[in-house]
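A short write-up of the structure that comes next.
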Amino acid sequence: MSAPLYDWKAFASPDAVAQAHADAVADRLGEAIAARGRAVLAVSGGTTPMRFFRALSTAAIGWEKVVVTLIDERFVPPTHDRSNEKLARENLLTGPAASARFVPLYSQAESVEAAARQASEAVSSLLPIDVAVLGIGTDGHTASLFPDAANADFLLSTRAREPVLAVHAPSAGEPRLTLALPVISQSRHVFLHIEGDEKRGVFESAMAEEPPRVPIRAVLDAAVGEIAVYWAPKERT
Ligand code: 6PG
């Protein structure tokens, strides 16, 4: 299978890529609001998005018509430092963006599987996603689709029927909640935010390789909308 078509945009610094990425995402959200009266944004967590979140939070769009959810979540409460909900609330849902509605993936359920069922109910009314913002790990994972998950074959397929899945993977740290591959790939716009040369190498080899596909390749192969990759070198320390 030939690699999916994507638009590669390189910038000189993390600040520059964050602002350009935020401007492009804001434009897509504004178009969604104009077309359908609502925009659904799903964002990844981790360490890369911080500047992007802060830049996007100031965008002059109709945030009261935007629904924000997560691409994935660690199975920890929103007070926990590893919580993607905490990261989004503190860095994205501030200023103008505080007017957006937030739909979390985490809930205080008796298991991550029960939380995934509850999140599936909450997320299903948001689909299809207008803008999905992905990150990438050095193992090629995206969202919480980890290559070392016991059910990785299922996770990287389009067979999932529930929009939110529970994931157990040794490299994931805690149990995870993730949007299923079909949900991500059916987003109208997919943005991938990459920083550093190592991750650029991981992405380029994923695009060059034949199966077995790493997760980011599986997701982008199935993508129905535009794919834009925003890259910058890591912060010079
Ligand atoms: C998460 C993310 C995950 C992330 C990659 C990269 O919950 O960690 O959603 O998919 O995008 O792990 O994370 P960094 O930006 O921290 O390198």
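The values are calculated or read from the model by the stated rules, or taken from the named source; none is laboratory data. Here the structure is a predicted model, which means the values were calculated and not measured. Glycine gets a Cβ as well: all are built from the backbone with ideal geometry, and neighbour counts include every protein chain shown.
Every listed requirement among (1) within 21 Å of HIS141 (Cβ to Cβ); (2) assigned to a helix (DSSP H, G or I) is met by GLY46 save one, (2).
Residue by residue, here is whether (1) surrounded by fewer than 17 Cβ atoms within 10 Å (Cβ to Cβ); (2) away from the ligand (no atom under 12 Å from the Cβ); (3) among the acidic types (Asp, Glu); (4) without any contact (Cβ under 8 Å) to a residue 60 or more places away in the chain holds:
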site: LEU5; (1), (2), (3), (4): yes, yes, no, no
site: TRP8; (1), (2), (3), (4): yes, yes, no, no
site: ARG28; (1), (2), (3), (4): no, yes, no, no
site: ILE33; (1), (2), (3), (4): no, yes, no, yes
site: ALA39; (1), (2), (3), (4): no, yes, no, no
site: MET50; (1), (2), (3), (4): yes, no, no, yes
site: GLU85; (1), (2), (3), (4): no, no, yes, yes
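Here GLU73 meets each of (1) part of a strand (DSSP E or B); (2) free of Cβ contacts under 8 Å to residues at least 12 places away in the same chain with one exception, condition (2). For LEU192, the conditions (1) over 20 Å from ARG82 (Cβ atoms); (2) near the ligand (Cβ under 10 Å from one of its atoms); (3) surrounded by fewer than 23 Cβ atoms within 10 Å (Cβ to Cβ) are fulfilled apart from (3). Every listed requirement among (1) more than 16 Å from the ligand (Cβ to nearest atom); (2) at pLDDT 95 or above; (3) within 25 Å of ALA223 (Cα to Cα) is met by SER57 save one, (3). Residues in the range 116-125 that are over 9 Å from VAL164 (Cα atoms) and either aromatic (Phe, Trp, Tyr) or surrounded by 20 or more Cβ atoms within 10 Å (Cβ to Cβ) (or both): none.
When you look at VAL67, is it surrounded by fewer than 23 Cβ atoms within 10 Å (Cβ to Cβ), β-branched (Val, Ile, Thr) and within 11 Å of the ligand (Cβ to nearest atom), yes or no?
On the way: surrounded by fewer than 23 Cβ atoms within 10 Å (Cβ to Cβ): yes; β-branched (Val, Ile, Thr): yes; within 11 Å of the ligand (Cβ to nearest atom): no.
Judged against the criteria, VAL67 is not a match.
Considering only residues that are surrounded by 15 or more Cβ atoms within 10 Å (Cβ to Cβ), of a type outside the set (S, T, N, Q) and out of contact with any strand residue (DSSP E or B) (no Cβ under 7 Å at 6 or more places or on another chain), which ones fall in the range 16-26? Give the steps one after another, and end with the answer.
Restricting attention to the range 16-26, the residues satisfying the condition of being surrounded by 15 or more Cβ atoms within 10 Å (Cβ to Cβ) are 17-22, 24-26.
This time we only want the ones that are of a type outside the set (S, T, N, Q), so: 17-18, 20-22, 24-26.
Within the range 16-26, ALA18, ALA22, ALA26 meet the criteria.
The set of residues from the range 126-150 being surrounded by fewer than 14 Cβ atoms within 10 Å (Cβ to Cβ) and over 22 Å from VAL25 (Cα atoms) comprises THR138, ASP148, ALA150.
Could you please let me know if ALA218 is in a helix (DSSP H, G or I), in contact (Cβ under 8 Å) with a residue 40 or more places away in the chain and touching a helix residue (DSSP H, G or I) at 6+ places or on another chain (Cβ under 7 Å)? Before the answer, list the steps.
Values: in a helix (DSSP H, G or I): yes; in contact (Cβ under 8 Å) with a residue 40 or more places away in the chain: yes; touching a helix residue (DSSP H, G or I) at 6+ places or on another chain (Cβ under 7 Å): yes.
In short, yes.
Residues in the range 192-204 include none that are assigned to a loop (DSSP other than H, G, I, E, B), modelled with pLDDT under 95 and not β-branched (Val, Ile, Thr).
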